[in-house]
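A.B. asks: To start, I am sharing the structure in question, which I have written as structure tokens.
The values are calculated or read from the model by the stated rules, or taken from the named source; none is laboratory data. Remember, predicted model here, so these are calculated numbers, not experimental data. As a convention, Cβ positions derive from the backbone with ideal geometry for all residues, glycine included, and neighbour counts pool all protein chains shown.
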């Protein structure tokens with residue numbers, strides 16, 4: 001009589017090979033390290049007023065009063081500006097007179113561009129010149145960018161460019177301030193400061209709201 005018995009199945013041990021995963025992780029780490037090194041942070045240059053007590057407000061700008069523009073940022077997305085000295089004193093038309101405008105290309109940008117035509121024209125010409133200087137040589141590219149930055153700075157800070165004073169009330173939003181700072185770059189204005197909102201500025205806005213007389 002045949003002996004009864006079933007055949008035993010051999011057990012297989014399952015194992016996952018993570019070696020390819022390690023290689024992929026190392027490639028990803030290398031990729032992100034290279035990208036982090038190559039990407040330069042985009043910063044915004046801001047000229048802050050001096051904290052020295054012996055420097056008066058009228059000496060913060062080295063340009064003539066006819067080239068000065070003061071921007072007042074108020075709550076509810078309101079923005080105002082006036083040219084020259086707050087109380088007049090020169091031959092500038094409508095000097096010190098407050099005007100209300102809006103944000104964007106049809107508002108404050110238009111005002112700044114009209115006050116800075118020479119610099120805008122010079123910057124556009126500079127961009128056209130350096131558009132033909134692009135090269136695949138890394139060292140040469142660094143030199144070209146450095147030259148472009150230096151010449152751009154000279155244009156933005158030339159004597160014919162306006163000096164902008166930016167003031168914001170406590171009720172103004174941070175977003176509105178950033179919009180105005182962006183306009184400085186768009187309109188090729190290199191000389192601008194963020195100053196404190198004075199009581200005279202508040203009275204100027206109140207007078208504007210109460211009537212046309214300044």
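A.B. asks: Quickly run through segment 159-169 and pick out the residues that are crowded, with 16+ Cβ neighbours inside 10 Å and more than 14 Å from residue 201 (Cα to Cα).
C.D. replies: 161, 162, 163, 164
A.B. asks: If you go through segment 83-136 one residue at a time, how many are more than 20 Å from the chain's Cα centre (by Cα) and in a loop (DSSP other than H, G, I, E, B)?
C.D. replies: 20
A.B. asks: What number of residues within segment 175-213 are in a loop (DSSP other than H, G, I, E, B) and within 22 Å of residue 155 (Cα to Cα)?
C.D. replies: Within segment 175-213, the subset in a loop (DSSP other than H, G, I, E, B) is 187-191, 196-198, 211-213.
Now restrict to residues that are within 22 Å of residue 155 (Cα to Cα): 187-191.
Going through segment 175-213 one residue at a time, the tally reaches 5.
A.B. asks: Only one residue in 126, 113 is over 30 Å from residue 76 (Cα atoms) and in contact (Cβ under 8 Å) with a residue 24 or more places away in the chain. Which one?
C.D. replies: Numbers: 113 fails: over 30 Å from residue 76 (Cα atoms).
On inspection, the qualifying residue turns out to be 126.
A.B. asks: Of all residues in segment 56-87, how many are at pLDDT 80 or above, surrounded by 15 or more Cβ atoms within 10 Å (Cβ to Cβ) and within 20 Å of residue 199 (Cβ to Cβ)? Please lay out each step first, then the result.
C.D. replies: First pass over segment 56-87, keeping only residues at pLDDT 80 or above: 67-85.
Cutting the leftovers down to surrounded by 15 or more Cβ atoms within 10 Å (Cβ to Cβ) gives us 67-74, 78-85.
Retained after the next criterion (residues that are within 20 Å of residue 199 (Cβ to Cβ)): 68, 70-74, 78-82, 84-85.
Of the residues in segment 56-87, 13 are at pLDDT 80 or above, surrounded by 15 or more Cβ atoms within 10 Å (Cβ to Cβ) and within 20 Å of residue 199 (Cβ to Cβ).
A.B. asks: Let me ask something else. Would it be correct to say that residue 155 is surrounded by 12 or more Cβ atoms within 10 Å (Cβ to Cβ) and assigned by TED's automatic domain parsing to the domain that holds residue 102?
C.D. replies: Working: surrounded by 12 or more Cβ atoms within 10 Å (Cβ to Cβ): yes; assigned by TED's automatic domain parsing to the domain that holds residue 102: no.
For residue 155, the condition - surrounded by 12 or more Cβ atoms within 10 Å (Cβ to Cβ) and assigned by TED's automatic domain parsing to the domain that holds residue 102 - is not met.
A.B. asks: Let me confirm something: among 131, 122, 172, which residue is surrounded by 18 or more Cβ atoms within 10 Å (Cβ to Cβ), farther than 22 Å from residue 85 by Cβ and not assigned by TED's automatic domain parsing to the domain that holds residue 85? Steps first, answer last, please.
C.D. replies: Values: 131 fails: surrounded by 18 or more Cβ atoms within 10 Å (Cβ to Cβ); 172 fails: not assigned by TED's automatic domain parsing to the domain that holds residue 85.
Exactly one residue qualifies, and that residue is 122.
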